[in-house]
Amino acid sequence: MSDKLLAIETSCDETAAAVVDADLRVHASVVHSQVDLHAELGGVVPEAASREHALRIMPVVRRALEDAGSELGDMSAVAVTRGPGLPGCLAVGVTAAKGLALSRDIPVVGVNHLEGHLFSVELGEREVAYPAVVLLVSGGHCMLVHAAERGQYELLGQTRDDSPGEAYDKVARELGLGYPGGPVIDRLAADGEDVYDFPRPLLDDGLDFSFSGLKTAVRRRLDAAGDDVPVADFAASFAAACMDVLIAKLKRAIAERQPRSAVVVGGVAASPILRRRLDAELEGVELILPSMRYATDNAAMIGAAGWWRLEHGGPSALDFAVATRLPLAGTR
Ligand code: KG4
Ligand code: ZN
């Protein structure tokens, strides 16, 4: 038996497969993004997303195995995202994973997508020094976690409404910039200035987040601006408000917990604005970021978390169900 596993991720709008070995080296990582499809529809449409996953999953798996120079029979397990995510989308990945595992009589392990993001930093060259404070910011989630050691999590705070990624996407839609919002807003923000002084919700208050008020403030300003919208300044002001909050909360958690490292993961960790500011503003703690390709959704991070779960609890029962809502703790 080889020391490689096949990993599958279909929780939202990326159909992804990867081959990862037990030392967390990535032998292949294929991501088929549905961005074009959803850009046309103005956001992720769950029905369309599941249909697209169903069409793409097997070609994406075949391609990952090919890129790794492997065959399914060489794999020692199949790891798959079981939640949280869109139910129809998760079902496509989990069904495929179970079928593939059954066909070769190899174990399957269900992985929590959020834990996958946490493991995205384990795919690099650098070891994470524990205890760590982790900021996870994606399209669906925003949370601060204390990890006393690998795989051991305590939730410190989370968003009470939207995630920043979601706010980015909605603001981009208001500005007519298409989907997804993160990359394009960040690009435009480089040519603008923070002139609008948007609210920084809950800035001085604990470790929870709230972004819906910020989103509404942007929309009101936009309505007031009429046809002549200074898009770059809007983008810069919005991004500055988001990042101010994220960084202030992360700093507060670091001050409270005194960790050895600060880890920032999830799609928004791909933001050059956030990465630059973290580099400049965090002091006295080692900053660890995923490489750009593993910040947004991918299957390699699911493979890394899958190895961990296999080693600490073994395979999942073959009849495990998808879980559209799944907390980070109790991740199986
Ligand atoms: O982690 P992810 O790929 O999917 C979820 O698990 O949700 O995160 C996707 C989110 C999207 O909302 C997207 O707008 C945001 O990450 N994102 C960014 C950037 N790239 C992606 N946000 C800010 N700046 C970026 N460069
Ligand atoms: Zn994600």
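The values are calculated or read from the model by the stated rules, or taken from the named source; none is laboratory data. Just so it is clear, the structure is predicted and the values come from calculations on it, not from any experiment. A quick note on method: Cβ atoms are made from the backbone with ideal geometry, for glycine too, and the neighbour counts reach across all protein chains shown. SASA here: full protein model, heavy atoms, side chains in, ligands and nucleic acids out. Shrake-Rupley method; radii C 1.70, N 1.55, O 1.52, S 1.80 Å.
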Can you run phi through the Karplus equation (6.51, -1.76, 1.60; θ = phi - 60°) for region 250-258 and list ³J(HN,Hα) in whole Hz, with x for Gly and Pro? 4, 4, 5, 5, 5, 4, 6, 9, 6
Percent accessible area from carbon and sulfur atoms, region 129-272, protein chains only, probe 1.4 Å: 44
Considering every Cα-Cα pair within region 14-159, what fraction, in whole percent, is farther apart than 22 Å? 47
Under 9 Å, Cβ to Cβ, from Asp3 - net charge with Lys/Arg +1 and Asp/Glu -1: -1
Per the Kirkwood formula over distinct C-alpha pairs, the hydrodynamic radius of region 86-171 in angstrom is 15.3
Per residue, how much accessible surface does region 243-311 expose to a 1.4 Å probe? Answer in Å², no decimals. 38
Based on Cα coordinates alone, diagonalise the gyration tensor for the chain, multiply each eigenvalue by 5, take square roots, and list the semi-axes in whole Å, largest first. 34, 23, 16
Region 1-81: radius of gyration and largest Cα-Cα distance (Dmax), Å: 13.7, 45
Whole-number value, in Å³ per residue, for the convex hull of the alpha carbons of region 173-235 is 100
Find how much the distance from Arg293 to Arg63 grows on full extension, using 0.36 nm per residue of separation minus their present alpha carbon separation; answer in nm with one decimal. 81.1 nm
Could you derive backbone 3J(HN,Hα) for region 18-33 from the dihedral phi with the Karplus parameters 6.51, -1.76 and 1.60 (θ = phi - 60°), listing whole Hz in sequence and x where the residue is Gly or Pro? 8, 10, 10, 8, 5, 8, 6, 7, 9, 8, 6, 8, 10, 10, 9, 8
How much net charge surrounds Arg252 when only the other residues with a Cβ under 12 Å from the Cβ of Arg252 are counted, with Lys and Arg +1 and Asp and Glu -1? -1
Along each of its three principal axes, how wide is the spread of alpha-carbon positions in region 142-248, in whole angstrom units, largest first? 51, 25, 21
